[in-house]
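The values are calculated or read from the model by the stated rules, or taken from the named source; none is laboratory data. Remember, it's a predicted structure, so these values are computed and weren't measured experimentally. Cβ: placed from backbone, ideal geometry, glycine included. Neighbour counts: every protein chain shown.
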Amino acid sequence: MNSTPSKVASTASVASEPRALNTAVPVWLFVLLLVFLYWGMVYFDSYGAWFNPIVYEPFASVQQLEVNQPPPPSGPNLGAGRKAFENNCALCHNVDGTGRPGQAPPFVKSEWAHGPATRMIRIPQNGLAGPIKVNGQVWNQVPSMAAMGAALSDEDLANVLSYIRTSWGNTGSPVTPEQVSAVRKEVSSRTQPWTEDELNKVPEK
């Protein structure tokens, strides 16, 4: 029996079967993968708050928690005002607003803290020279108070003054950035610090 035809048919059948060849992955595909991987890491690092202490570390105090609260939808940001006070004013007036004898008067129950805002804005804007009477006591400031608020924005100065006027039992009205801006325009040509007598002559608004 001749088996040659069957062998030929078998060989033809095997030859006609599809074969998967070993093909190298294109280099550009590796490059694209690395680009996406890098972009993903950058995106996660920018928006994932990874290792951000505000997100992952506990607050050390209630005061720190208050400072890091989101700003209110309207009105002064007292958290930001407190932070600005501690950075600019607390060295002389103390963190609790009680002042330092022979250096700076207190804000606690101060008639200046709940008096006209237009007077109070002038003090950090230009500074204060000479004695000033607070709660029936005369405070001789040596040296004179510098213009600590002149470098602050209208909003920042309004926040810190609002914090002073509403803290430690004070009942003064909040200060707005618009009030700060108006006073600054009014006293823009002044280069000398204020005195108590001058401030008392400022019309109440």
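Residues checked against (1) at pLDDT below 95; (2) within 22 Å of R100 (Cα to Cα):
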site: R122; (1), (2): no, yes
site: G130; (1), (2): yes, yes
site: S144; (1), (2): yes, yes
site: A147; (1), (2): yes, yes
site: A158; (1), (2): no, no
site: K185; (1), (2): no, no
> Which of the residues spanning region 80-109 are surrounded by fewer than 16 Cβ atoms within 10 Å (Cβ to Cβ), farther than 26 Å from N68 by Cα and in contact with a helix residue (DSSP H, G or I) (Cβ under 9 Å, 6 or more places away or on another chain)?
Replying inline: R100
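Here's the yes/no breakdown for (1) touching a strand residue (DSSP E or B) at 6+ places or on another chain (Cβ under 8 Å); (2) free of Cβ contacts under 8 Å to residues at least 40 places away in the same chain; (3) over 25 Å from P203 (Cβ atoms):
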| site | (1), (2), (3) |
| --- | --- |
| C89 | no, no, yes |
| N94 | yes, yes, yes |
| S181 | no, yes, no |
| R184 | no, no, no |
> Is it the case that some residue within region 134-148 is more than 21 Å from Q192 (Cα to Cα), of a type in the set (A, V, I, L, M) and not in a helix (DSSP H, G or I)?
Replying inline: yes
> Is it true that some residue in region 58-66 is at pLDDT below 85 and either closer than 15 Å to D156 by Cβ or touching a Gly at 6+ places or on another chain (Cβ under 8 Å) (or both)?
Replying inline: yes
> When region 62-87 is examined, which residues are found to be among the basic types (K, R) and free of Cβ contacts under 8 Å to residues at least 24 places away in the same chain?
Replying inline: K83
> Taking region 115-160, which residues are buried (at least 18 other Cβ atoms within 10 Å of the Cβ), of a type outside the set (A, V, I, L, M, F, W, C) and more than 20 Å from the chain's Cα centre (by Cα)?
Replying inline: T118, R119, R122, P124, Q125, N126, G127, Q141
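Do we find that F59 is surrounded by fewer than 16 Cβ atoms within 10 Å (Cβ to Cβ) and either free of Cβ contacts under 8 Å to residues at least 60 places away in the same chain or over 17 Å from I132 (Cα atoms) (or both) in this structure?
Here the answer is yes, as F59 does meet what is asked.
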>> Please count how many residues of region 92-106 are under 14 Å from Q141 (Cβ atoms) and either outside any strand (DSSP E or B) or of a type in the set (K, R) (or both).
In response: 9
